[in-house]
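The values are calculated or read from the model by the stated rules, or taken from the named source; none is laboratory data. Quick caveat: nothing in here was measured; it's all calculated off a predicted structure. FYI the Cβ positions are ideal-geometry reconstructions off the backbone, even for glycines, and counts take in every protein chain you see. Remember, those area values only see protein heavy atoms, side chains included, never the ligands or the DNA or RNA. Shrake-Rupley method; radii C 1.70, N 1.55, O 1.52, S 1.80 Å.
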Amino acid sequence: MDVALQRDRLTQAEAERRAGQVSAVSYDLHLDLEAGSKTYRGDCTIRFAFAGEEPTFLDFTGSVIERLSINGIDREPRWHDNRLALQPEWLDQANEVRVVYENTYDHSGEGFHQFIDPEDDAEYLYTQFEPFAAHRMFPCFDQPDLKATYAVAITAPAAWVVLSASRIVGEESEADGRVRRVYEQTAPFSTYLLSVVAGPYESVVAEHRGIPLGLYCRASFVEHLDADELFSFTTAGIDFFADFFGHPYPFTKYDQIFVPEFNWGGMENVANVTYSDRYLFRDPPTETQRLGRAEVFLHELAHQWFGDLVTMRWWNDVWLNESFATYMAYLGLERATEFSDGWQDFQADMKLWAMEEDQLPTTHRVADDIPSTDETFLNFDGITYGKGASALKQLVAAVGEDVFRAGVQSYFERFAFGNATLSDLLTAVAEGSGTDLHAWSNAWLEAPSLDTLAVRWEASGGMIDSMELVRTGPPGDDTVRPHMVDVAVVRDRGGMVAIESHRLSVEEGPVPVEGVVGSPTPLLVYPNHNDHTYAKVTLDPSSLQFAETRLEEITDPLLRQQLWTSLWQMVRDQQFSSLDYLKLVESKLLNEANTHIIKIITGTATSAIHRYVPEPDRVAESSRFVATAIQASHLAPPGDPRVHWVRALVRVAETPQDLAQSAALIDDPPDGLAIDQDMRWALAIRFTASGMEAAERRAAGEAQRDESDRGKRSLVTIETAVPEPDAKERAWGRIHGDGYGSLQLDRAAMAGFNWPNQADLLAPFVEPFFTGLAEVFDTREHEAAGAYFRSFYPTYRVDEEALRLARTTLAAVEGPPPLVRLLTEAIDRLERAISVRAFAAG
């Protein structure tokens, strides 16, 4: 909704200056919560030491300040641009500032979020503060290096569950029937890690090694709370991380709460982790869904050490949180859970995400400059999560896990409950390795972009004459990145494919592959076997021919997946036709049984159909894929493989014939195929967008089947997907007016707006989208502005006119940084799509 917005922003320079003035911070915070209210009250006392003669400030976004008292003297608030001024003449060396205030709940998934469950009208509250939103609930010094202790008390309805960062140590009934809950004072941690969760949540509790554990969700979800599995990940992770880090779990309890309308997957609040409730599976999950949830659980648990116990000093080192939590989560999956194939999921999800973003003009260093909190929002991306974790995987391969582990243990011993920097970590690990890791850091963490690896070889008389590994950087990039890799040499032995692996390191020049000269010529050579390093791979002509004809004969599932993803990279780089890639999917993927491979390659195939296939061929290729997917729903191994095929099917079905065939499959599935409600809703939405005669009847049937908030969101999407001018005008007007009540409902509405088969109908909205972007980013919060851009951007238009509009808009934009970045990336993706289509068209 378009409202005047005071932009919340803190610069690194301001944070450094304030950290030089302020120390020894503690908060006493009392919150007053009433059921059904649009507002809440707060009473916060901040104690801190002050040094210096310049003014400082508290960060605070509130509705009303009723009282400001500084060192016992009431003051008139000087409160502008979300900053509450603290004049030096008001302050002593030791200070006590009290702020009594009233505030309004948020509905954007940031700050203090309020949600009403449509199934039972129950009210649920939770906070989300990272990176810069704690001051939306209480006045504070909202920066990571001013760690503090927190003494929290919350008055709320007696029937509610009320959780925060520590255990309840006292309860007192109020005259109005509510209860005041008092929580033990916490250990020191950063403001963005404090949290409050309140409402009639259902719970399951347990204990592990003296640590109280809790799982919580709203009442309408409790039947889906599979506590045994969730506790098994949690307890295995606590034991694994405590042993690996040489430091016990650092807080006094560990609660995990599934919350509605959550913008992220999970958030590592100290001892009070929140997750999107999409991780409570309302339909039987696939193994990859279960693995994905386990990874998120372990990721947030690892943060209790990396991020919460030891926190980066400023957001330029956010990778110290996210890269380590990602790497350790996948290591934990392999070592402590049933998911021993976790690294295959890492290659498919994290690495591909990182590599795609690392080839954009907006790529950045893992350890990057973050001049303000505005830029922090931009760097929660594939570089920080996927590339950073990949760099750590490469570091462990280079120095050895024992050395890495000893360095990490030293790091926690030195900086527990404090702040640290990249240099601090490198010093700790380098002490055990005897290696100057600053040079490694310069190449991997402090330089953007990625290399390409290839193997050049020659043969005569059926024998290898030479073979060398070649590293190539992107044009204009002279960074020398060291790679420790295994080169797979694949040969035919008695009709069977056999793999030899050769370990070597490459930096600047080509490196000979030892021990292969004079041996029989290979079928395939792959320079990143076992996926130790982070680089694109270009296949030599013989290896490409093998991949096109005999890929399925590779018995190593990770290597087979790497071949598929390398082919995808070659499509994106105009080295392999998107049409040939889809033919390969049709001929080879149909016989695949590995669910990781089916999931990722059906995903890349649908992406190719949407963006990379020449427009004259797009609908025909979509229909060919639908036919293949229907075939796979009967021929693929029962269970998860068939589910992944059908999920891809409903993403691309477009013609009336394809939609009718899809409906027949979903309405009457064969044995071995489980149809879930998300598939049903996806099909109902596509029926509507394509103007199918039975669209209204199908939507009504699904609404009767699913009365949850998911169903409500899906109906909003259907409402905006209707292929009529009035429907589009209503949706456009409402999104640019008062909206649909919450950011998640706005997202649902915007998700139904753009469709390739509605291009003519949508034409009047394309130019207004571009011309209105500056105002949208000036008047909406970060999450809302980003959601608007990603939803309304006309990705269905792969043409020069759309490119001209985007370029013209970018040339006229003077900020803010998120809009500049999103436009720059959209232009690059569109330029790539145009080039890939032209390459495929010949």
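Summary of computed values
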item	result
Among 233-242, 278-287, the order from most to least packed when residues are scored by Cβ within 10 Å on average	233-242, 278-287
Prolate/oblate/rounded label for the stretch 18-118 (Cα gyration tensor, a/c 1.5)	prolate
Cα-based helix-to-principal-axis angle, 227-245 vs the chain, degrees rounded to 10	90 degrees
GluC sites (Glu not before Pro) restricted to DSSP loop in the stretch 676-764 with at most 14 other C-beta within 10 Å	E693, E707
Value of Rg/Rh across the stretch 402-442 [Cα atoms, Kirkwood radius]	0.96
Cβ crowding within 10 Å averaged over residues, with 676-684, 206-214 ranked highest first	676-684, 206-214
Rel. contact order, % - alpha carbon contacts under 8 angstrom, at least six apart, the stretch 16-150	29 percent
Ratio Rg/Rh, restricted to the stretch 157-214 and using Cα atoms, in which Rh is the Kirkwood radius	0.99
Between 0 and 90°, nearest 10: helix 578-588 axis offset from the chain longest Cα axis	80 degrees
11 Å reach of a label modelled at T39, 7 Å along Cα-to-Cβ, counting backbone N of the stretch 89-128	101-105
Count of lysine pairs in the chain with Cα separation under 17 Å (8 or more residues apart, or interchain)	7
For the stretch 436-480 and the stretch 754-798, distance of Cα centres in Å	40 Å
Cα long-axis angle, helix 401-415 against the chain (0 to 90 degrees, to the nearest 10)	10 degrees
Convex hull per residue volume in Å³, alpha carbons only, for the stretch 611-693	93 Å³
Other-chain or far-sequence residues with amide H under 5 Å of A459's (modelled H)	D465
Whole-Hz couplings from phi, Karplus 6.51/-1.76/1.60, listed for the stretch 649-655; x for Gly and Pro	3, 6, 7, 10, 4, 9, 6
Antiparallel content of DSSP bridges confined to the chain, in %, to 5	80 percent
Average projection area in nm² (convex hull over Cα atoms of the chain, one quarter of hull surface)	35.9 nm²
Separation between Cα centres of the stretch 698-733 and the stretch 361-381, rounded to whole Å	36 Å
Low-density loop cleavage sites - chymotrypsin sites (Phe, Trp or Tyr not before Pro) in the stretch 113-211, where at most 10 other Cβ are within 10 Å (DSSP)	none
Table column - 3J(HN,Hα) (Hz), the stretch 566-575, Karplus curve with 6.51, -1.76, 1.60, x for Gly and Pro	5, 4, 5, 4, 5, 4, 4, 8, 6, 10
Per DSSP, loop GluC sites (Glu not before Pro) in the stretch 752-842 with at most 13 further Cβ within 10 Å	E814
Distance histogram for the stretch 521-649 (every C-alpha pair counted, 5 angstrom bins, percent rounded to whole numbers)	2, 11, 22, 23, 21, 13, 7, 2, 0
Under the Karplus curve 6.51 cos²θ - 1.76 cosθ + 1.60, θ = phi - 60°, whole-Hz ³J(HN,Hα) for the stretch 541-554, x wherever Gly or Pro sits	x, 5, 5, 4, 5, 4, 4, 6, 10, 9, 3, 5, 7, 6
Helical mean residue ellipticity (222 nm; -39500 (n - 2.57) per DSSP H run of 4+; nearest 500) of the chain	-13000 deg cm²/dmol
The stretch 482-527 and the stretch 286-316: distance between their alpha carbon centers, rounded to Å	35 Å
Added length on full extension, which subtracts the Cα-Cα distance from 0.36 nm per residue, D671 to E66	211.3 nm
With every protein chain in place, the chain: carbon and sulfur % of accessible area (1.4 Å)	49 percent
FRET efficiency estimate (nearest 0.05) - Cβ-Cβ, S203 to V480, R0 56 angstrom	0.55
